[in-house]
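The values are calculated or read from the model by the stated rules, or taken from the named source; none is laboratory data. Model, not experiment: these values are computed from the prediction. Every residue, glycine as well, gets a Cβ built from its backbone with ideal geometry; the counts of neighbours run over all protein chains shown. The accessibility values were calculated without ligands, DNA or RNA, using every heavy atom of the protein model including side chains. Shrake-Rupley method; radii C 1.70, N 1.55, O 1.52, S 1.80 Å.
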Amino acid sequence: MTYIIAEPCIDIKDLSCVDVCPVDCIHEFDRILIIDPEECIDCGACEPVCPVEAIFEEAAVPDKWKQFTQIDADWFKNRKK
């Protein structure tokens with residue numbers, strides 16, 4: 001399981017989560033931060049520091065933001081090509 005950053009992060013990009021991530025798996029992309037699902041070690045350090053509560057365990061992403069799971073995966077898959 002990994003963590004997903006969803007819609008509340010758009011245009012916020014606070015970076016608190018980046019500061020606490022022990023493996024540097026959170027990256028800036030356009031108007032949102034995203035978590036590399038292959039690099040994430042599922043430590044959960046990012047979730048409690050997010051000021052807009054945009055970070056969720058993959059299995060707990062609210063239905064209205066489920067598309068962000070695929071957005072993250074697709075971005076990193078395309079980046080590695």
For segment 1-37 and segment 52-81, compute the distance between their C-alpha centroids and round to whole Å. 10
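Counting only other residues whose beta carbon sits under 12 Å from that of I32, what net charge do I get with K and R as +1, D and E as -1?
Numbers: positive: K13, R31; negative: E7, D11, D14, E28, D30, D72.
Its environment carries a net charge of -4.
Please report, in debye to the nearest 20, how large the charge dipole of the chain is about its Cα centre when each Lys and Arg carries +1 at its beta carbon and each Asp and Glu carries -1 there.
Values: 8 positive and 18 negative charges, 67 e Å.
The dipole of the chain has a size of about 320 debye.
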In Å², and per residue, what accessible area does segment 1-52 have when probed at 1.4 Å with the other protein chains present? 53
So what's the convex hull volume per residue for the Cα atoms of the chain, in Å³? 81
Return the carbon/sulfur percentage of the accessible area of the chain, one whole number, probe 1.4 Å, all protein chains in place. 50
Suppose the Debye formula is applied to equal point scatterers at every Cα of segment 1-41; what is log10 I(q)/I(0) at q = 0.23, 0.33 Å⁻¹? -0.71, -1.27
Grab the DSSP H runs of the chain that are 4 residues or longer, score each as -39,500 (n - 2.57), total them, divide by all residues and round the 222 nm result to the nearest 500 deg cm²/dmol. -6500 deg cm²/dmol
Which one, A73, V18, I55, projects farthest toward the positive side of the charge dipole computed for the chain from Cβ point charges (K/R +1, D/E -1)? A73
